[in-house]
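Structure, as structure tokens:
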Amino acid sequence: MKRLMPLFGLLILVGAAGFIVYSADQDPTGQATGQSSSAALWSDLSTYEASFLKNYRGAFEGETPDAIEVLEAFNELGFAVTGHGGFWRKTVRDQWLGCEMNGETAPCKSLSKALGELADWDAFQEKASNVSDSGAKRFLARNHRKMRSYLTRYVPTEKSAQGMEATGFYKSHLAASMQNALTMEEDDL
């Protein structure tokens, strides 16, 4: 039994450290790099100041705001990009591809299937909208990786065809059907 005491002590110490890391308000990876999840996400969001976050013009020049403000900026970006009246569902679908008028084209069909993926983000944004000021820091710490991956997958750096084509969402769901549609148009000439 005396031989097992150091092992039990080590297990208790590791368990306590794990609990502290799990329940901490900060993301431990942010501490290792010297950058909190709020600051990292705020820095990423600054990329979209000229396109989707025009209401935040000038806000990115100062220090990182409170976590709730970072979360609100992310949500505004999310609604502008994947929301029901946003970039993918309105601008690309209806204005650029004309799916509202003719949803039978290959790109429109591909996009319609892909829009189901955005329902998960609708639910996420709903949850984020209900986070309190006091819970924002913890929410960002727990979800910052997911939120940062959202930026690279869905958000073009600019509202243009070139920006759209650089996103992971476009590459996964629209690139092939768009290329096929262009090839068919060239064949018709």
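Brief remarks on what is shown
- Listed by chain and number, the lysines whose alpha-carbon sits under 22 Å from that of Lys90, ignoring those within fewer than 8 places in the same chain, are Lys54, Lys109, Lys113, Lys159, Lys171.
- Modelled spin-label separation between Gln95 and Lys113, with each label point placed 7 Å from Cα along the Cα-to-Cβ direction: 2.7 nm.
- Within the same chain, lysines fewer than 8 places from Lys127 are excluded, and of the rest, those with a Cα less than 22 Å from its Cα are Lys137, Lys146.
- In sequence order, calculated HN-Hα J values of the range 122-132 (Karplus, 6.51, -1.76, 1.60; Hz; x Gly/Pro): 4, 5, 4, 5, 4, 5, 5, 5, 9, 6, 7
- Charge dipole of the range 34-188 (Cα centre as origin; +1 on each Lys and Arg Cβ, -1 on each Asp and Glu Cβ, all else neutral): 580 debye, rounded to the nearest 20.
- Sorting 71-78, 169-176 by average packing, meaning the other beta carbons within 10 Å per residue, from highest down gives 71-78, 169-176.
- The range 135-150 and the range 51-74: distance between their alpha carbon centers, rounded to Å: 15 Å
- Highest average packing first - 152-162, 81-91, Cβ atoms within 10 Å: 81-91, 152-162
Just so you know, all these numbers are worked out from the coordinates, no wet-lab data involved. Everything numeric in this text was worked out from a predicted model, so none of it was measured. Note that each Cβ is placed from the backbone with ideal geometry, even for glycine, and that neighbours are counted across all protein chains shown.
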